[in-house]
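Here the structure comes first, spelled out in structure tokens, and everything after it is commentary.
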Amino acid sequence: MALVLVSSISLVLLLLGAGLVLSPLAIVLWTSFLPSSLTIGDGPWFTIANYRQAWDRGQFLLAFVNSTIVALAVTGLQMVTSALAGYALARLQFRGRQALLLLVLATLVIPFQILVIPIFLVLKSGHLINTYGALILPTAANGFGIFLLRQYFQTIPVELEEAAALDGANRLQILWQVTLPLARPALVTLFLFTVIGEWNDLFKPLVFTTRPELRTVQLALAEFQEQFTNNWPLMMAAVVIATVPVLLAFLVGQRQFLQGIATTGIKN
């Protein structure tokens with residue numbers, strides 16, 4: 001009886017917590033369907049015209065293309081660099097490995113904003129300002145991705161790699177054909193974190209680009225909000241438009257994401 005009571009209370013608390021978390025999203029979604037004018041007799045109280053207007057006025061098509069290019073490029077580079085560095089820190093024995101790992105972890109506590117001036121100077125010297133390179137290269141490698149994959153690689157039995165080495169496979173072949181397929185949950189986790197982070201990034205486009213043709217979704221959304229400050233339904237429609245892609249990405253990969261988070265850090 002007591003166990004049932006505790007379970008019921010836990011379920012109620014979880015539902016209340018979920019309601020608190022989801023209520024702002026529900027308000028945004030509901031507001032996006034309201035007409036711009038709520039005067040009685042002006043029309044229906046439910047419309048999808050806000051989405052058409054927000055899409056056209058905000059010029060989100062170009063912004064979606066730019067954000068997709070940047071997010072996928074950064075994600076691809078991070079997965080490559082994180083896999084190589086993470087595998088080296090997990091499996092290779094070399095002098096200074098622990099010091100290098102601590103250095104990687106130290107990068108996690110340094111805000112990107114502190115490094116913006118030296119990064120800007122480096123990009124300027126390479127004539128990369130106002131190019132896709134300025135949006136991609138500063139985050140092409142990430143300490144979190146390296147640490148995440150390093151921790152996951154340590155959960156994979158080393159005997160599998162030793163068997164592949166006996167069959168004549170080299171380190172890169174072992175990584176590509178044995179280790180990475182088993183690390184799919186961690187790779188999906190890194191993919192989702194990176195795609196969502198890059199899609200929602202406003203700082204890099206704001207600092208490193210000024211060309212309108214390089215506007216990303218978040219920059220387009222910020223400019224849209226400045227233009228339509230008093231039109232809440234139109235603003236909420238634009239917010240929903242900018243949120244849907246990352247929400248779909250998470251829903252597709254949520255199972256692998258949860259598995260990657262749950263198992264990372266557990267040593268074999």
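Quick note: the coordinates plus some simple rules give every number you see, no bench work behind them. Note that the structure is predicted; figures quoted are calculated from it, not measured. Don't worry about glycine lacking a Cβ; one is built from the backbone with ideal geometry, like all the others, and counts go over all protein chains shown.
Taking a ≥ b ≥ c as the square roots of the eigenvalues of the alpha carbon gyration tensor, the range 1-154 is oblate, as a/c is not under 1.5 and a/b does not beat b/c. Within the listed set ARG215, ARG57, ARG150, the residue fluctuating most in the Gaussian network model of the chain (springs between alpha-carbon atoms under 10 angstrom) is ARG57.
Electrostatic tally near VAL104: other residues with Cβ closer than 12 Å to its Cβ, Lys and Arg +1, Asp and Glu -1, net +2.
When Cα Rg over 2.2 N^0.38 Å is calculated for this entry, the matching label among [x] 1.01; [y] 1.26; [z] 1.18 is [y].
Under the rule of -39500 (n - 2.57) per DSSP H run of 4 or more residues, summed and divided by the residues of the chain, what mean residue ellipticity at 222 nm is obtained, to the nearest 500 deg cm²/dmol?
Values: 13 runs with 186 residues, N = 268.
Estimated from H runs of four or more residues: -22500 deg cm²/dmol.
Springs join every pair of Cα atoms under 10 Å in this Gaussian network model of the chain, and among LEU137, LEU248, LEU206 the largest mean-square fluctuation is at LEU248.
Scalar couplings 3J(HN,Hα) for the range 136-144, obtained by applying the Karplus form with A = 6.51, B = -1.76, C = 1.60 to θ = phi - 60°, are 9, 5, x, 10, 5, 10, 9, x, 5 Hz; x denotes Gly and Pro. Here the Karplus relation 6.51 cos²θ - 1.76 cosθ + 1.60, evaluated at θ = phi - 60°, turns the backbone of the range 57-72 into coupling constants of 5, x, 6, 6, 4, 5, 5, 5, 4, 5, 5, 5, 4, 5, 5, 5 Hz, with x for every Gly and Pro.
Could you please report the charge total around ALA134, scoring K, R as +1 and D, E as -1 over all other residues with beta-carbon less than 10 angstrom from its beta-carbon? Can you show the working numbers first?
On the way: positive: LYS124, LYS204; negative: none.
With Lys, Arg at +1 and Asp, Glu at -1, the net is +2.
For the range 154-170, 3J(HN,Hα) computed residue by residue from phi via the Karplus equation (6.51, -1.76, 1.60; θ = phi - 60°) reads 6, 7, 8, x, 5, 4, 5, 6, 5, 5, 5, 5, 5, 7, x, 7, 8 Hz, glycine and proline entered as x.
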